[in-house]
Amino acid sequence: MDNLLHVGKNIPRTAETDKVTGRAVYMDEYKRPGMLHGKILYSRYAHARIKSINTEKAKNLPGVRAVITGYDIPDVRVGFLGDQTVLKRDLVRQFRDEVAAVAAITPEIAEEALKLIEVEYEPLPAIFDPLEAMKPDAPLVHETDARGRPLRSNILPLPWKFNAGDVEKARQESAYTATDSVNTPWINQCCMGTSGCVAEFDSNNNLMFCSQTNVIFGAKQRIQTYLLNIGLKGKKIRVINPTVGGSFGTKLDTDIYEFICIQLALKTRKPVRIRFTREEEFMALPPRQTARFTIEQGCDKNGLLTFRKVEAILDNGAYTSWGATTPSVMMLPISSMYRVPNVSFQATCVYTNNIYSQAMRGYGNPQAAFAVETSMDHLAETAGIDAAEFRMINRNHPGDVTPMGLKITTCPLEQCITAVKEKIKWDEKRGKRNGRGVGMASLIHVAGGARVYLSDGTGIRIKVNESGEVDVLSGSTDQGQGSPTVIAQIVAEATGFKPEDVNIVFGDTALGLWDAGTHASRHTFVAGNAAVRAGEKVKQQILELAVQYIPKMVKRSLKQQKKKNPDFVEPELDYTLIDSPEKLDLRNRMIFPKAAPDHPHFKTEVGKILTSGLHVGTGESKAVVAEVFWDPPTEMLNAEMKGNYSCTYAFGAAGVEVEVDRQTGEVKILKLVSAHDVGRAINPSLVKGQIYGAAYIGVGYGLTERVQLVDGKVVNPNFRDYKILTANDAIPVEAVIIEDPDPAGPYGAKGIGEPGLVPTAPAIANAVYDAIGVRIKDLPITPEKVLAALKAKEG
Amino acid sequence: MKKEITFTLNNEKVVVEVDPGWTLLYLLREVFELTGTKEGCGVGECGACTVIVDGDAVSSCLYPVLEAEGKNVITIEGVAASDGTLHPLQQAFIDNNGVQCGYCTSGMIMSAKALLEKKAVPTEEDIRTSIAGNICRCTGYVQIVESVQQAAERMKK
Ligand code: FES
Ligand code: FES
């Protein structure tokens, strides 16, 4: 492994030079001839009956090419539970409900046309608090389910219930227990490139769909189903990605605007683009939902955890997307963070008339980790044990099988905690209560795929062209994390070429092999594994060609030399050095005998072999191409929510030092250390980029970010009122990479896309407690909450 | 009522008819097709649309197009040398992972360039202040600051 030429190096992102010169084509720059611009009219109420819609004036506006409402398109249901339609006909259940859409020759005209659409509503009683919505007499957000069967409650029929061991018994036997209630807020993913797509049908009604999705085959499948349901059978769909301006969970599901765009394209017979304004991005894009947790944990007199009991209530909003499935990942920290034998967990997702929710980086983990890790701090204090020590004695170990059935392979959690303790000067700074404090939290996350669909696989095809460029075709995507660079390094290593030879083609269903999606921190691990395997096949093919052609080439060259110079003495060559592929190697484009790497006659530049292989002229030419579809040996969660759903798990810890101003309530972060188990860093600079970026979002989660909903309406839909951190916040963050190569990872690598976000907010909350002795259990930790808590404490 | 304006765009004199209601961003993107300048919010809160006007970094989404009359405007497309050689800032962003999704990158580079033209040896605080109006969701700014620092170093030599 130490012989690696490209893996482990800070290879620069040269393939992305277009991003620094302004040439990269994002959705905004993806243009088609005759393209129209689509705009959407949203509801003016959180819950209302639509009495009438009049589109006449809008249709007559010059430049408008189509105006559609729910009455102009088939009444087909979409979404995870099929609980909504594309354009709403009778009822609106949230402010972002799509009521009509316009296609026009410019976005400005489309916008103008929206104002001319007259909609008459009859407002209905709405419900915004999930606790209220759970009550038996609460007004129903949905009267029926997708199949028209009557619903009696706002509680979603999702079985998020987990039990392991005997929690009741363990509670009675515990020496110490702690109970907490914590809340996490609505969060907007805030991709800098807003949502958008371009839909275009050809003359045969086949669809070209340019989408920012990070699950291109999933999107294709959903669109295919939709087209089928609206009566377009047997149509071919090609989904392609432009350069994507961030994803963070927003591109996992197919959004309603995408179906609307398709309908407008169908209606106008023209390519149509929809592109969200920033305000729309805040008001009409599903955010991470708010969650309320009740958590109780216990330990014995030695501090060993005995049980953990968690109940969560999630505000689903008015419809169902992936937000409702986040409990499957909340399970990770709840069941498996630290050794805890008895666990129970129940999550209830509730319909309300709030904006519907979806995924965000970390899925359910940051929410649940906030509950688990702040409660760990509380329990440690109750038991009189140092909070770092408490984590250390309960830490996970390699070889553990957790109550959820997760099989822990490598687990350097101990090193992560130790690194954090040292760098944050834990022993010196903890427990002073002088307005400064340190806090810590740990994490576990999937890092070796995540079997959330039937397949957790990725296909990679590698073809080597005659001159030696290596084309890698895959159904993966890049939303900015740098996966093309990482895969290029892996392919270069496995094939024997150089990273700069590798040309990555992602994000096209027509070219790439099937991929479960670039999500769940799975890409480097799963696509990387496929790439190693395909790369090795390619190398084998080349070495086979080499066995065939190097002797011929050498003999030919010797003969020529002899011809030119009759005095030339032909050397005695030992051709057994190269008579089988096993005796050869290929590295950095050079083929050589393993037994004599610098052999003056046999060492051959790979390009010569490739050309020879193609230009035999005997009808037996050979092109070098290989493909591998790799589906990791992971399990789907069973009915009890158990199963080893990833091949390996990433651990980590964050430590934070804060200073809290008792006068203003302001929390200042003096230092943030984020230590992560990455298996092996394929590209340390890129790994750090993931850790820094995620940690920063974690700080926002902890201190500043919150989508404010007032009676279902987003009232802070801009960067002035929705506070994300800027460079001025200058938080000194240190990323620590812990390498403990995982046997199943490509060159030992684990996934690192999401982990950095997970432990940050609880570490901040724990540090705030250490500084001033109050626990803020409601994110974000704003100055107002700090002041209120201080006031309450001082009575 | 259209009006004609004359200004210097990426070192070239241009004469163009504009609608007085346009922003400079609109003119750059829609008329000149200089689409490296991004719109992240359209209301002056994100910095994705930053360009340099007479040496100062400005949000082109707020900049009234008529005010460009007689000015010297540089966009991301005018940063590299005419033979395509990258500016040290561009190279440093590539080398130091200062770019992830890249949506904020044009604006970041323009803000940093305006800074380095005024102050060749900036402190970390100078750098952070210069890009404080440029929001980045991907990087946590760490490697962006490092990129600017390295570019400044390289430009000194
Ligand atoms: S687009 Fe101009 S500041 Fe955001
Ligand atoms: S690199 Fe994505 S917003 Fe900055």
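For the Cα trace of segment B:88-156, dividing Rg by the Kirkwood Rh returns an Rg/Rh value of 0.91.
Could you work out [θ]222 nm for chain A from helices alone, using -39500 (n - 2.57) per DSSP H run of at least four and dividing by all its residues? Round to the nearest 500 deg cm²/dmol.
Working: 19 runs with 219 residues, N = 795.
Calculated at 222 nm, the ellipticity per residue is -8500 deg cm²/dmol.
Shown for A:Ser685, A:Ser247, B:Ser130: other C-beta atoms within 10 Å of each C-beta, ranked fewest to most, produce the order A:Ser685, B:Ser130, A:Ser247. Between A:Asn204 and B:Ala120, the modelled label-to-label distance comes to 6.3 nm, taking each label 7 Å out from Cα in the direction of the beta carbon. For segment A:559-607, the square roots a ≥ b ≥ c of the C-alpha gyration tensor eigenvalues yield an a/c of 1.5 or more together with a/b exceeding b/c, which makes the shape prolate.
For the pair A:Asp400 and A:Leu124, the difference between a 0.36 nm per residue extended length and the Cα-Cα distance amounts to 94.0 nm.
With q set to 0.12, 0.13, 0.18, 0.19 Å⁻¹, the log10 of I(q)/I(0) for segment A:457-630, from the Debye formula over equal scatterers at the Cα positions, is -0.59, -0.66, -1.05, -1.13.
Between A:Glu414 and A:Lys723, the FRET efficiency estimated from the beta carbon spacing at R0 = 51 angstrom works out to 0.90. Dividing the helix sum by the residues of chain B, where each DSSP H run of 4 or more adds -39500 (n - 2.57), gives a mean residue ellipticity at 222 nm of -8500 deg cm²/dmol. For chain A, the square roots of the Cα gyration tensor eigenvalues, ordered a ≥ b ≥ c, give a/c of at least 1.5 with a/b no greater than b/c, which places it in the oblate category. A simple spin-label model places the labels of A:Glu794 and B:Thr85 6.3 nm from each other, with each point 7 Å out along Cα-to-Cβ. Along its three principal directions, the equivalent ellipsoid of segment A:284-415 from the Cα gyration tensor extends over semi-axes of 30, 16, 12 Å, largest first.
So for segment A:708-790, what percent of the C-alpha to C-alpha distances run longer than 14 Å? In whole percent, the share of Cα-Cα pairs in segment A:708-790 beyond 14 Å is 78. Computed from the alpha carbon atoms alone, the convex hull of segment B:17-157 holds 107 Å³ per residue.
What number comes out for the charge environment of A:Pro130, summing +1 per Lys or Arg and -1 per Asp or Glu over other residues with Cβ under 11 Å away? Kindly include the intermediate steps, with their values, before the conclusion.
On the way: positive: A:Lys135, A:Arg292; negative: A:Asp129, A:Glu132, A:Asp315.
That sum, taken over residues with Cβ under 11 Å, equals -1.
Taking only alpha carbon atoms, segment B:3-78 gives an Rg to Rh ratio of 0.91, where Rh is the Kirkwood radius.
Using R₀ = 51 Å, calculate the FRET efficiency as 1/(1 + (r/R₀)^6) where r is the Cβ-Cβ separation of A:Ala175 and A:Met590; round to 0.05. List each step's numbers first, then the result.
Values: r = 65 Å, r/R0 = 1.28.
The formula returns an efficiency of 0.20 here.
Is the C-alpha gyration tensor of segment A:89-130 telling us rounded, prolate or oblate? Criteria: a/c under 1.5 is rounded; beyond that, a/b larger than b/c is prolate, otherwise oblate. Verdict is prolate for segment A:89-130. Label-to-label distance for A:Thr144 and A:Leu454 is 2.9 nm, based on points extended 7 Å past Cα in the beta-carbon direction. Here's the picture: a label point sits 7 Å out from the Cα of A:Ala623 along the beta-carbon direction, and within segment A:448-464 the residues with their amide nitrogen under 19 Å of it are A:460-464. Each residue of segment A:261-275 was assigned a 3J(HN,Hα) from its phi angle through the Karplus expression (A = 6.51, B = -1.76, C = 1.60, θ = phi - 60°), giving 4, 4, 5, 5, 5, 5, 5, 8, 6, 10, x, 10, 10, 10, 9 Hz with x at Gly and Pro.
Using just the Cα positions, wrap segment A:360-497 in a convex hull and report its mean projected area in square nanometres, one decimal place. Write out the running numbers ahead of the final one.
Values: hull surface 50.8 nm².
Result: a mean projected hull area of 12.7 nm².
Quick check on my link table: of A:Lys267/A:Lys723; A:Lys777/B:Lys38; A:Lys407/A:Lys539; A:Lys251/B:Lys156; A:Lys115/A:Lys251, which ones sit more than 31 Å apart, alpha carbon to alpha carbon? Write out the running numbers ahead of the final one.
Values: A:Lys267/A:Lys723 40 Å; A:Lys777/B:Lys38 38 Å; A:Lys407/A:Lys539 33 Å; A:Lys251/B:Lys156 42 Å; A:Lys115/A:Lys251 29 Å.
Among A:Lys267/A:Lys723; A:Lys777/B:Lys38; A:Lys407/A:Lys539; A:Lys251/B:Lys156; A:Lys115/A:Lys251, the Cα-Cα distance tops 31 Å for A:Lys267/A:Lys723; A:Lys777/B:Lys38; A:Lys407/A:Lys539; A:Lys251/B:Lys156.
If you take the Cα centroid of segment A:374-441 and the Cα centroid of segment B:119-150, the two points sit 33 Å apart. What separates the Cα centres of segment A:73-141 and segment B:4-78 is a distance of 37 Å.
Considering only DSSP beta bridges whose two residues both sit in the protein assembly as shown, what percent are antiparallel, to the nearest 5? Within the protein assembly as shown, antiparallel bridges account for around 75 percent of the total. The phi torsions of segment A:212-223, fed into the Karplus equation with coefficients 6.51, -1.76 and 1.60 and a -60° offset, translate into couplings of 8, 3, 9, 9, 5, 6, x, 4, 4, 5, 5, 5 Hz, rounded to whole numbers, with Gly and Pro shown as x. Fewest-first ordering of A:Leu228, A:Leu672 by other beta carbons within 10 Å of each residue's beta carbon gives A:Leu228, A:Leu672. Computed from backbone phi with θ = phi - 60° and the Karplus coefficients 6.51, -1.76 and 1.60, the 3J(HN,Hα) list for segment A:191-200 is 5, 5, x, 6, 5, x, 6, 10, 10, 8 Hz; x is used for glycine and proline.
What dipole magnitude, in Debye to the nearest 20, does the protein assembly as shown give about its Cα centre under +1 on Lys/Arg Cβ and -1 on Asp/Glu Cβ? Don't skip to the answer; put the middle values down first.
On the way: 109 positive and 114 negative charges, 236 e Å.
Taking the Cα centre of the protein assembly as shown as origin, the dipole is about 1140 debye.
Here A:Lys421 is the anchor, and the lysines within straight C-alpha reach of less than 22 Å, apart from those fewer than 8 places off in the same chain, are A:Lys429, A:Lys432, A:Lys668, A:Lys671, A:Lys688.
None of the figures in this text is laboratory data; all of them are computed from the coordinates on show. Every value quoted in this text rests on a predicted model; they were computed, and no experiment measured them. Cβ: placed from backbone, ideal geometry, glycine included. Neighbour counts: every protein chain shown.
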